[in-house]
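As structure tokens, the structure follows; a few thoughts come after it.
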Amino acid sequence: MPLPDAAVDMPLLTETAYAKINLALHVRARRDDGYHALESLFVFTEDGDGLTAQDRDDGQIDLSINGPFASGLDTGTDNLVVKAALALRSHAGLSKGATIRLTKNLPVASGIGGGSADAAAALRLLTRLWRVDIDAADLATIALQLGSDVPACIASVSQRVGGRGEHVAQYDVAGLADMPILLVNPLVPVSTAQVFGGWDRIDRGPLDTSSLDMLITQGRNDLEPSAMKVAPVIGDALASLRAQPGVKIARMSGSGATCFALFYDAATRDAAALAIGMAQPSWWTMASRIRQI
Ligand code: C5P
């Protein structure tokens, strides 16, 4: 569709909303506010949703969504991208608008950040577009109001995450950067609140992030049993990943249903993607790498 004349000269800025992976997710307690106290190592893939933005002078925030998972998504004030834009604009005291396009490549309600990554990418994008001078603490406050995973999605690098998601600290684990990763989702949307609500309230202990081996051998996703009750097919996705040659670890991310596997080399990952794609043509798969700091 041709852009209106006024928009032709406006620079177009782009961002990627990187998919978030919980390499391990330990749930330690249910808090009095209903949220859960977590210990997690967040990493991000090199790929994700795409966002573009252009300035507009009429003050409107106009979101359009395309891509394989655009269907049914709200483009109004319930969308986290629009909420992020409104929150940033109000903080900055601006009256500017933006034309934002979101290309939804990642399945929704799938444990890999989705809307949170989109909201964080929108904050990064509009901070640049509107030249907002905002300090990191204020940006983190806005991010947490949008969702528990949004603060970590701002930097989208390897981070240790605590609290309900507000305690974030960049954390590099040797050997992890650039590692080939395969994501598999059986395309069953899973409600985060429902999966947290089904956690058995047994604290199985802290997360040791001292090495990749410790994360693999001692790390857990404590939400797997609850998510598998909601969507038993998650067990099939995990089993099919674990059956592939060369898998270093296969685990569920977040509250599911996306599961991931790490590999030593890209050719082995691609062979696994091909095998799973042929065995389960209705499932979603994405081959990527762990984003480097
Ligand atoms: O913060 P966000 O809106 O992403 O959380 C969605 C839901 O997931 C919350 O309403 C809550 O039920 C659950 N949740 C939780 N503990 C967290 C994060 C999310 O119980 N640390």
Seen from all sides and averaged, what is the projected area of the convex hull of the Cα atoms in the chain, in nm²?
-> 15.4 nm²
Backbone HN-Hα couplings from phi across the range 48-55 [Karplus 6.51/-1.76/1.60, Hz, Gly and Pro as x] = x, 6, x, 10, 10, 8, 10, 5
Cα-based Kirkwood hydrodynamic radius, the range 232-282, one decimal, Å | 11.1 Å
Relative contact order (%) - criterion: Cα under 8 Å, at least six apart; region: the range 150-293 | 34 percent
So which chymotrypsin sites (Phe, Trp or Tyr not before Pro) in the range 17-98 pass both tests, a DSSP loop state and at most 16 other Cβ atoms within 10 Å of the Cβ?
-> TYR35
Most exposed first by the Cβ proxy, i.e. fewest other Cβ within 10 Å, how do LYS20, LYS104 rank?
-> LYS104, LYS20
Quarter of the surface of the C-alpha convex hull for the range 177-269, i.e. direction-averaged projected area in nm², equals 6.3 nm²
Between the range 234-293 and the range 184-228, the alpha-carbon center distance in angstrom | 16 Å
Mean separation of Cα pairs under 8 Å and 6+ residues apart, divided by the residue count of the chain: what relative contact order is that in percent?
-> 23 percent
The range 194-293, dipole about Cα centre (Lys/Arg Cβ +1, Asp/Glu Cβ -1), debye to the nearest 20 = 100 debye
Report the semi-axes of the equivalent ellipsoid for the range 137-293 in whole Å, largest first, where each axis is √(5λ) for an eigenvalue λ of the Cα gyration tensor.
-> 25, 20, 15
For the range 120-221, state which trypsin sites (Lys or Arg not before Pro) are in a DSSP loop and have at most 11 other beta carbons lying within 10 Å of their beta carbon.
-> ARG131, ARG201, ARG204
At 10 °C and 1.306 mPa s, grab the translational diffusion coefficient of the range 34-95 from Stokes-Einstein with a Kirkwood Rh over Cα pairs, rounded to a whole number in µm² per second.
-> 108 µm²/s
In sequence order, what are the phi-derived ³J(HN,Hα) couplings for the range 184-196 according to the Karplus relation 6.51 cos²θ - 1.76 cosθ + 1.60 with θ = phi - 60°, rounded to whole Hz, with x for glycine and proline?
-> 9, 9, x, 6, 10, x, 10, 7, 4, 4, 5, 5, 4
P(r) of the range 52-152 in 10 Å steps, Cα pairs, percent per bin?
-> 16, 52, 29, 4
Note: the range 81-217, point scatterers on Cα, Debye, no solvent; log10 I/I(0) at q = 0.10, 0.18, 0.19, 0.22 Å⁻¹ equals -0.42, -1.21, -1.28, -1.44
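Each reported figure results from applying straightforward, stated rules to the coordinates on display, with no laboratory input. Keep in mind the model is a prediction, meaning the values are calculated, not measured. As a convention, Cβ positions derive from the backbone with ideal geometry for all residues, glycine included, and neighbour counts pool all protein chains shown.
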